[in-house]
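The values are calculated or read from the model by the stated rules, or taken from the named source; none is laboratory data. In this text, all values refer to a predicted model and were calculated from it rather than measured experimentally. Please note: Cβ atoms are built from the backbone with ideal geometry, for glycine as well, and neighbour counts cover all protein chains shown.
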Amino acid sequence: MVEMPFEGPISLVDVPVTTALLLANIVVSWYVLYRNPRLLDPLSFQPYRIANYGEYYRFLTAGFVHGNGAHLAVNMITLFFFGPVLEGLLGAFGFLVLYVLCEILAHTVTFTYHYDDPQYAAIGASGAVSGVVFGFCLFFPLELLYLFFILPIPAVLFAVGYVVGSIYASNRNQRAGQRGGIAHEAHIGGAIAGIIVTIALDPRALDSFVQTMSSLL
């Protein structure tokens, strides 16, 4: 089983990629939301424009803009708690690869659903953050997290609930005819990508998950 990479409080200086991603998301989202909202459209994830106009940059830029302060806060708080541990295990470069690939692959799932819909647009780092959460859970599935900072819950249950909630929200939006906003499909795609990429970067992750879960039997 893998041990936590840090003992005691983690300094953001020790996790430069996590720190850079937090700052980039906060600065870009704040600027777009409160200083230049006109940028929201050209930066957002629009599968139709990618398919028809080759605007592939949207696979990355959409992950750095958010719909409102609450949306940004949820994603960045999650990244703040999970990112440093995973960066400590995978190294700065490995963690950056994980984050970027999860962002791209999560949006790829969304693309397959909406490439022919000119009205669809989505924003947010949820796909990449989902990948980080699931990567963490491979190493430490029974690590206690505190939901709403109060309710203790094993990491693996948090992760499963996160995806189930996303599936429910996605299906509800489709039934209601809603389009765009937060890409719930990206949560699912990011979660799957997080598992695959983490194992590819560090096979110990799968061994740690199997050993930890086997200890419950």
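Does residue 71 satisfy being more than 18 Å from residue 193 (Cα to Cα) and crowded, with 21+ Cβ neighbours inside 10 Å? Outline the logic, then answer.
On the way: more than 18 Å from residue 193 (Cα to Cα): yes; crowded, with 21+ Cβ neighbours inside 10 Å: no.
So residue 71 fails the test.
Checking the structure you have, find out if any residue of the range 37-45 is over 18 Å from the mean Cα position of the chain (by Cα), outside any helix (DSSP H, G or I) and surrounded by 12 or more Cβ atoms within 10 Å (Cβ to Cβ). Reasoning before the result, please.
So the first thing to find is which residues in the range 37-45 are over 18 Å from the mean Cα position of the chain (by Cα), and the list is 37-42.
Add one more test, that the residue is outside any helix (DSSP H, G or I), and what stays is none.
No, the range 37-45 has no match at all.
How do the pairs read when you match residues in the range 124-148 that are surrounded by 24 or more Cβ atoms within 10 Å (Cβ to Cβ) and outside any helix (DSSP H, G or I) with residues anywhere that are among the polar types (S, T, N, Q) and modelled with pLDDT of 90 or more, using Cβ under 6 Å and keeping only pairs 6 or more apart or on different chains?
Final answer for the pair search is 125/25.
Kindly provide the set of residues from the range 4-33 that are within 10 Å of residue 84 (Cα to Cα), modelled with pLDDT of 95 or more and either in contact with a Leu (Cβ under 8 Å, 6 or more places away or on another chain) or among the hydroxyl-bearing types (Ser, Thr, Tyr) (or both), ordered by number.
Passing the criteria: 17, 18, 19.
Quick one: residue 117 ticks every box in (1) in contact (Cβ under 8 Å) with a residue 40 or more places away in the chain; (2) surrounded by fewer than 16 Cβ atoms within 10 Å (Cβ to Cβ); (3) farther than 21 Å from residue 50 by Cα; (4) not aromatic (Phe, Trp, Tyr) bar one, so which box is it?
Among (1) in contact (Cβ under 8 Å) with a residue 40 or more places away in the chain; (2) surrounded by fewer than 16 Cβ atoms within 10 Å (Cβ to Cβ); (3) farther than 21 Å from residue 50 by Cα; (4) not aromatic (Phe, Trp, Tyr), residue 117 violates only (3).
Given 56, 99, which one is out of contact with any strand residue (DSSP E or B) (no Cβ under 9 Å at 6 or more places or on another chain), more than 27 Å from residue 11 (Cα to Cα) and hydroxyl-bearing (Ser, Thr, Tyr)? Break it down stepwise before answering.
Values: 99 fails: more than 27 Å from residue 11 (Cα to Cα).
Testing whether each residue is out of contact with any strand residue (DSSP E or B) (no Cβ under 9 Å at 6 or more places or on another chain), more than 27 Å from residue 11 (Cα to Cα) and hydroxyl-bearing (Ser, Thr, Tyr) leaves just 56.
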